[in-house]
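Undergrad: One structure follows; several queries about it will come next.
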Amino acid sequence: MYAEELRRTWKKTLAVTIAVGVISGIISSGTAWSEIPSRIAYNEIVSFCVGPLFWFTAPFLFFYTQRLRPASRWAIRVVYAAITMNVGVLIGLAALGGLGVLPWTLYATIAKGSVVPTTVFGVLCFVGFAMYDALKYRAQYETAQARLSSLESRLRPHFLFNTLNSIMALIPEDPAAAERVTEKLATLLRYSLDATAASTVRLEQELKVATDYLEIEKTRFGERLHYTIDVPETLQHIEVPPFSLQTLVENSVKYGGGEIRVSARNGNGRLVLRVWDSGDGFPAKPNLPAGHGLRNLKERLDALWGTNAALEFPREDPGTTVQVSIPSRAK
C-alpha cells in the first residue's frame, strides 16, 4: 500500500514543489526584477527540501489515520503539514548556509521569522490539495456508480427474458411445474429490486439466486441437467456484485453441457468463484460480443474494482471453466 501511494503521488509532488519554488521566489524578490532568477533558484532549493518529506511520509500518515474519526484525522494531518513544512524549510535554509548563500549568523533569525508564514502557507496548501483530491475522487465515484447502474439495468432484462422462456416452455406440458417456477421467479424479482440500491451483496444471497435459477432450469430440462454446489459457509459473508454468480451459471446453462459445478475458494485473501460445465469451452481470451452476459459482468467488475478484479477462462480438459476473482471483503 505504501509503495503504491508513493508511485501515485510522486509526479504531483514534483510539480507542486517546482511551482512553490517559482512563486515564492518571485514574491520574495519584490520589485527587484534582477533578483528574480537567483531568488527562484534559492527558493527551489528550499522547496526541494520540503517536497520529498511530504512525498515519503504523507502516504504513510494518510494510511494509518484513515480509520480515525474525521475530527481527529484532520487535526493530526494539519499538525503534520505544519511540522513537515517547517522542518523542510529548516533543512533548506541549512542547505543554503552550506552553499554559502545564507550567512550562518543569520540562520536562527531567518528560521525564527519563517515559522508563522511557513505554517500558514503549509496548512493552506495542504487543505487545498486535500479538497481537490476529495472532489476528484467524488467525481470518479459518481461516474463509476452511474456506469454500474447502467450495466445492471442491461443485465436484469436479459435474465428475466431467459427465465420467462423457461416458464413458457413448461406451461403446455406441466402447468403445476410452471406455477412453481413462477413463484421462484417472483422471489428472484424481489431480490433484484432489493439489490438495486447496492453495488454488492453477500455471497449467500447470490448463492440462493443462482440455486433458484438452476432449479428453474432443471424443471425445464429434467434429467438432462445436473448441478453440484461447493461453497464453504465461511465464505458466504463475502461481498459480490448482484447477479454475478447467477450470470456464470446462466452462461453454463445456455452454452455449456448438461453438468454444472459451482464452487468458491479463498485464494490468498481473494474470493475465487468458479463455475465448470461439461461444454466445449472458451478460448483463453474469448471475444465476447456486446450484450453478452459475461461481458456485462466483466464491465461491472471493472467499474467496482478496476484491475483488482478478473474474469478468467482457465483451460480444463474436458469441460469449460469460467472464474471470477475479486478482493475478499466482508459485508
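The values are calculated or read from the model by the stated rules, or taken from the named source; none is laboratory data. For clarity, every value in this text was computed on a predicted model and none was experimentally measured. All Cβ positions, glycine included, derive from the backbone under ideal geometry; neighbour counts span all protein chains shown.
Undergrad: Being surrounded by fewer than 24 Cβ atoms within 10 Å (Cβ to Cβ), more than 31 Å from the chain's Cα centre (by Cα) and modelled with pLDDT under 95: is that true of GLU233 here? Step through it out loud before you land on a result.
TA: Values: surrounded by fewer than 24 Cβ atoms within 10 Å (Cβ to Cβ): yes; more than 31 Å from the chain's Cα centre (by Cα): no; modelled with pLDDT under 95: yes.
Criteria not met by GLU233.
Undergrad: Which of the numbered conditions does TYR227 fail, given that it passes all the others? Conditions: (1) assigned to a helix (DSSP H, G or I); (2) touching a strand residue (DSSP E or B) at 6+ places or on another chain (Cβ under 8 Å); (3) within 27 Å of GLU173 (Cα to Cα).
TA: Just one mismatch for TYR227, condition (1).
Undergrad: Ok, one more. Tell me the residue from ALA210, ALA186, ALA177 that is within 31 Å of the chain's Cα centre (by Cα) and assigned to a helix (DSSP H, G or I), please.
TA: The match here is ALA210.
Undergrad: Would you mind telling me which numbered condition in (1) within 23 Å of LEU53 (Cβ to Cβ); (2) at pLDDT below 85; (3) among the hydroxyl-bearing types (Ser, Thr, Tyr) THR84 fails?
TA: THR84 satisfies every listed condition except (2).
Undergrad: Still on this structure, I have one more. Which numbered condition trips up THR118, out of (1) over 23 Å from SER38 (Cβ atoms); (2) not assigned by TED's automatic domain parsing to the domain that holds ALA41?
TA: THR118 satisfies every listed condition except (1).
Undergrad: Could you run through the stretch 287-331 and say how many residues are in a helix (DSSP H, G or I) and not aromatic (Phe, Trp, Tyr)?
TA: Qualifying residue count for the region: 15.
Undergrad: Can you tell me which residue within the stretch 215-230, out of those that are modelled with pLDDT of 85 or more and β-branched (Val, Ile, Thr), is surrounded by the fewest Cβ atoms within 10 Å (Cβ to Cβ)?
TA: This residue is THR228.
Undergrad: Yes or no: the stretch 245-252 includes at least one residue that is crowded, with 19+ Cβ neighbours inside 10 Å, at pLDDT below 90 and either part of a loop (DSSP other than H, G, I, E, B) or in contact with a Leu (Cβ under 7 Å, 6 or more places away or on another chain) (or both).
TA: Yes, because at least one residue in the stretch 245-252 is crowded, with 19+ Cβ neighbours inside 10 Å, at pLDDT below 90 and either part of a loop (DSSP other than H, G, I, E, B) or in contact with a Leu (Cβ under 7 Å, 6 or more places away or on another chain) (or both).
Undergrad: Here is a further query. Starting from residues that are at pLDDT 85 or above and farther than 17 Å from LEU297 by Cα, keep the ones in the stretch 186-204 and report whichever is surrounded by the fewest Cβ atoms within 10 Å (Cβ to Cβ). Write out each step before concluding.
TA: Initial filter on the stretch 186-204 (at pLDDT 85 or above): 186, 200-204.
Checking which are farther than 17 Å from LEU297 by Cα leaves us with 186, 204.
Details: ALA186: 10, GLU204: 15.
Ranking the qualifying residues of the stretch 186-204, first place goes to ALA186.
Undergrad: In this structure, is ARG261 modelled with pLDDT of 90 or more, closer than 18 Å to PRO327 by Cβ and surrounded by fewer than 19 Cβ atoms within 10 Å (Cβ to Cβ)?
TA: Considered against the rule, which asks whether it is modelled with pLDDT of 90 or more, closer than 18 Å to PRO327 by Cβ and surrounded by fewer than 19 Cβ atoms within 10 Å (Cβ to Cβ), ARG261 comes out as no.
Undergrad: If you don't mind, there's one more thing I want to ask. Filter the stretch 27-78 down to the residues that are loosely packed, with under 15 Cβ neighbours inside 10 Å, at pLDDT below 75 and β-branched (Val, Ile, Thr), then identify the one that is farthest from MET131 (Cα to Cα).
TA: Among residues in the stretch 27-78 that are loosely packed, with under 15 Cβ neighbours inside 10 Å, at pLDDT below 75 and β-branched (Val, Ile, Thr), the one farthest from MET131 (Cα to Cα) is THR31.
Undergrad: Looking at ALA144, is it modelled with pLDDT under 75, assigned to a helix (DSSP H, G or I), surrounded by fewer than 14 Cβ atoms within 10 Å (Cβ to Cβ) and under 29 Å from the mean Cα position of the chain (by Cα)?
TA: Numbers: modelled with pLDDT under 75: yes; assigned to a helix (DSSP H, G or I): yes; surrounded by fewer than 14 Cβ atoms within 10 Å (Cβ to Cβ): no; under 29 Å from the mean Cα position of the chain (by Cα): yes.
In short, no.
Undergrad: Related question: Scan the stretch 315-322 and tell me whether some residue there is within 22 Å of the chain's Cα centre (by Cα) and among the charged types (D, E, K, R).
TA: No - not one qualifying residue is present in the stretch 315-322.
Undergrad: So ALA309 passes all but one of these: (1) surrounded by fewer than 16 Cβ atoms within 10 Å (Cβ to Cβ); (2) closer than 25 Å to ASP230 by Cα; (3) free of Cβ contacts under 8 Å to residues at least 40 places away in the same chain. Which condition number does it fail?
TA: So ALA309 meets the others, but not (1).
Undergrad: What number of residues within the stretch 65-124 are assigned to a loop (DSSP other than H, G, I, E, B) and over 18 Å from ALA41 (Cα atoms)?
TA: The first filter runs over the stretch 65-124 and keeps only residues assigned to a loop (DSSP other than H, G, I, E, B), leaving 66-69, 99-103.
The next check asks that each one be over 18 Å from ALA41 (Cα atoms); those that pass are 66-69.
Selection size over the stretch 65-124: 4.
Undergrad: Of all residues in the stretch 266-286, which are modelled with pLDDT of 80 or more and either part of a helix (DSSP H, G or I) or exposed (fewer than 15 other Cβ atoms within 10 Å of the Cβ) (or both)?
TA: As a first pass, look at the stretch 266-286 and keep what is modelled with pLDDT of 80 or more: 266-279.
Scanning the stretch 266-286 gives ASN266, GLY267, ASN268, GLY269.
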